[in-house]
1. Under a plain spin-label model, where a point goes 7 Å from the Cα along Cα-to-Cβ, how far apart in nm are GLU365 and THR302?
2. Taking the Cβ-Cβ separation of TYR125 and ASP183 as r and a Förster radius of 35 Å, what is the calculated FRET efficiency to the nearest 0.05?
3. Between ARG471 and GLU230, what is 0.36 nm times their sequence separation minus the Cα-Cα distance? Round to one decimal in nm.
4. For the pair GLU88 and ALA24, how long in nm is the line joining their label points, each one 7 Å along Cα→Cβ?
5. Taking R0 as 35 Å, what FRET efficiency do you get between ALA351 and SER412 from their Cβ-Cβ distance, rounded to the nearest 0.05?
6. 7 Å from Cα along Cα→Cβ at both ASN102 and THR272: what's the point-to-point distance in nm?
7. In what sequence, highest mean first, do 261-268, 458-465, 51-58, 168-175 appear when ranked by Cβ atoms within 10 angstrom?
8. If packing is taken as the mean number of other Cβ atoms within 10 Å per residue, what is the order of 530-543, 144-157, highest first?
Amino acid sequence: MNNSAEEQLKHRLMFETLLSEISAGFINLSAERIDDVILDTQRRVCEQLGLDFSALWQLSLEDPRLLCQTHVFRPSGGPFLPELMEAETHFPWVLAQLTAGNIVAISTEAAPKEAARDQEVWRHYGVKSSLTFPLSAGGGELIIGALSFGTMKKERAWPKPLVKQLELLAQVFANAIARKRTDHALQESETRLKLATDAAGAGLWIMNVDTDDVWVSEKIRDLFHFSPHEKVTYERFFTAIHPDDHEAVQEAVQRALESGENFVVEYRILHTDGSIRWIVAHGKRYGDAEPFRLMGVSFDITERMNVEAEARKQWEHLAHVTRMGIMGELTASLAHEINQPLTAIQSNAEAAMRFMAAAEPDINEVRQILEDISRDNTRAGSIITKIRALLKKEPIPFAVQDVNELIADVLSLLRADSLLRELVIIRDFSPELPPVFGDRVQLQQVVINLILNGAAAVKQMPTDRRRLVIRTEIPKESAVKVSITDSGTGIGEQSTQTLFEPFYTTKPDGMGMGLAISQTIIKEHGGTIRASNHPEGGAVFAFTLPVHQGNLA
């Protein structure tokens with residue numbers, strides 16, 4: 001073997017050793033060092049092979065037509081290379097070749113006629129020959145950029161063994177860049193997520209079902225008072241959750257694991273100092289097969305709950321004031337209602353005394369009179385009970401309610417009201433109405449408000465047109481609907497938008513709270529309330545309530 005062959009072999013072995021060293025160095029290279037190592041590798045390769053430059057270009061993420069020069073080794077100088085070039089304009093032929101997955105090994109003066117524009121640019125920058133590789137993520141078809149080597153002093157050939165070796169290097173660069181991009185995107189995503197969760201006061205958690213280990217963010221540790229380095233498990237979570245809420249949380253987690261559906265659960269956490277915080281957790285099961293993971297986010301909603309509580313107190317106070325106002329309007333009617341059974345009791349008692357004074361009292365007649373007294377007494381007691389219920393301010397527990405019966409009681413209570421005396425009330429009750437679940441007094445208050453509004457609306461109408469239709473129906477399986485239709489002049493277009501706003505009223509002496517409170521009551525019962533004009537004249541106020549789904553017993 002002559003000296004020249006030995007030198008070539010030695011040179012080739014040195015270059016292969018260099019490539020092996022470089023490839024091995026990229027395996028465990030951190031993302032932060034990738035750029036520096038790529039630049040150093042370009043220098044070493046160019047010096048080893050006697051090349052004048054190496055440039056690495058990446059397609060812009062914002063505009064794929066643009067090539068960004070991110071890594072360049074060019075000790076020999078020459079015209080300045082811009083950091084940003086439009087690929088389609090400057091290298092249209094090369095771009096087409098790279099997009100097709102081809103390697104471009106070419107001498108500038110031997111470029112094909114299709115590469116006329118590329119040739120012009122090469123000449124401008126003094127490039128004599130160049131070897132350009134497409135850079136694709138993971139060896140796939142998605143081109144992320146290009147790596148080129150070249151000469152500026154003289155032309156050189158690009159033998160296949162060398163092209164093959166440098167192609168491997170190009171793939172190492174591509175994989176490193178792709179990994180850096182992924183790491184960068186992940187860091188950006190984590191940063192955005194942290195900013196979003198911090199701004200919302202949210203904490204993140206991931207529960208591994210097979211081990212019961214739970215990864216938690218710093219915010220969760222802060223919310224639950226977990227120490228910075230303690231191991232968090234499913235059981236550890238429950239040491240912080242209020243004992244009364246254990247069952248609800250466990251059921252929500254179990255349903256999510258079994259069904260794969262999202263879950264939302266509100267619960268309290270009890271700190272060692274005795275303070276209580278309200279938490280809402282949103283979560284979802286991940287994985288198509290066991291072992292599953294449960295991932296979610298938790299928020300502190302204590303302040304919101306305290307505000308949802310304070311608002312309710314205010315509404316309850318306003319509702320009480322409104323009830324008092326209504327009772328003031330109904331004082332004469334209520335006095336009349338109570339006076340009727342009391343007068344009957346007095347008359348029957350006097351009659352009984354007369355019968356008993358007779359020489360031979362008619363015992364059967366006296367018994368009948370006493371039964372009438374008992375019945376009238378029961379009636380008076382019922383009226384008083386209804387009045388007390390309306391005047392009570394304390395919250396009343398929800399219970400199963402018969403809407404038809406509830407409305408009938410209201411009509412009985414309002415029977416003697418002056419507004420209703422010359423008013424025809426038509427009952428159109430559905431006989432198969434399912435029950436609802438709610439506060440009887442509050443729902444009666446809504447019905448009273450709507451009936452009195454309807455009565456006021458027809459007060460100025462001719463006597464034969466003073467009519468209210470109270471209808472109950474089942475618009476769909478899961479709801480009960482109550483509508484009160486009057487025969488008045490209807491609702492003005494402007495009023496439709498403001499009817500349910502607090503303090504809005506069309507009555508000279510009205511408080512403007514009746515419909516606003518009615519709307520709040522219906523919403524708290526899970527229903528809706530609305531007003532509209534009837535096609536035949538007048539207004540329709542209607543509300544719907546969800547059907548009670550529980551055990552009637």
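Every number in this text was worked out from the coordinates using simple rules, so none of it is lab data. The shown structure was predicted, so the numbers you read here are calculated from the model rather than taken from an experiment. Every residue, glycine as well, gets a Cβ built from its backbone with ideal geometry; the counts of neighbours run over all protein chains shown.
1. Calculated label separation equals 7.7 nm.
2. 0.60
3. Between ARG471 and GLU230, full extension yields an extra 80.5 nm.
4. My value for the distance between the label points is 4.6 nm.
5. According to the calculation, E is roughly 0.85.
6. Distance between label points: 7.3 nm.
7. 51-58, 168-175, 261-268, 458-465
8. So the order, starting with the most tightly packed, is 144-157, 530-543.
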